[in-house]
Amino acid sequence: MRTAIYPGTFDPVTNGHLDILHRAIYLFDRVIVAVASESNKQTLFSLEERQKLLRCETSDMENVEVKSFGGLTVDFARECGAIALIRGLRAMTDFEYEFQLALMNKKLAPDIETVFLMTKSEYSFISSSSIKSAASLQGDVSGLVPPNVEKAMIQKYNKMV
């Protein structure tokens, strides 16, 4: 069974993330969406909330699991028996960062490949950070995130006011 890890903070999960995931499930027998418990980023949603939102969006995908992890992504990948890491690319700015990350991962785990998938052009401008920024100012993020995520963001930001 060919297993891949799709790691990220997913804060929040976007339609761009789901686009990459939908394509990855056709390339691998099993895809584990690996939600990072540790991040340099200030998260809007707790680890548990991020996992819950992802599980809601992936409940109809038979070969997808949602798990959390801490530490090195390649260590988690080995624990899961993964042969690849899935990474999404939107623009050239993503490529430079992702290329460096892939080279470091390859040095740490020569047996695990990084597979880059380009997002559809309609999602190329979407980032979790820009979505959070727009939503915090009551901007319309429908079509950028799944409806349940949009609802959760509205509730979260309304509590902060």
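Observations
- Annotation: Pro146 fulfils all but one of (1) open to solvent by 60 Å² or more (accessible area, probe 1.4 Å); (2) of a type outside the set (D, E, K, R); (3) touching a residue at least 60 places away in the same chain (Cβ under 8 Å); the unmet one is (1).
- Any hit, segment 79-86, residues being out of contact with any His (no Cβ under 9 Å at 6 or more places or on another chain) and on the phi > 0 side of the Ramachandran plot: yes
- Output for segment 81-101, where each listed residue is open to solvent by less than 20 Å² (accessible area, probe 1.4 Å) and in contact with an Asp or Glu (Cβ under 9 Å, 6 or more places away or on another chain): Ala84, Leu85, Leu89
- Scanning segment 103-126 for residues that are in a loop (DSSP other than H, G, I, E, B) and open to solvent by 30 Å² or more (accessible area, probe 1.4 Å) gives Pro110, Asp111, Lys120, Ser124, Phe125.
- For beta carbons closer than 6 Å, sequence separation of 6+ or different chains, a first residue in segment 1-12 that is under 14 Å from Gln42 (Cβ atoms) and a second that is open to solvent by 10 Å² or more (accessible area, probe 1.4 Å) and part of a strand (DSSP E or B), the qualifying pairs are Thr9/Ala36.
- Top-ranked residue of segment 40-81 - restricted to ones that are touching a helix residue (DSSP H, G or I) at 6+ places or on another chain (Cβ under 8 Å) and of a type in the set (Phe, Trp, Tyr), ranked as farthest from Val145 (Cα to Cα): Phe69
- Qualifying positions in segment 16-32 - acidic (Asp, Glu) and either buried (at least 21 other Cβ atoms within 10 Å of the Cβ) or in contact (Cβ under 8 Å) with a residue 40 or more places away in the chain (or both): Asp19
The values are calculated or read from the model by the stated rules, or taken from the named source; none is laboratory data. Source: prediction; values computed, not measured. Virtual Cβ from ideal backbone geometry, glycine too; neighbours counted across all protein chains shown. In case anyone asks, the SASA skips ligands and DNA or RNA and just uses the protein heavy atoms, side chains included. Shrake-Rupley method; radii C 1.70, N 1.55, O 1.52, S 1.80 Å.
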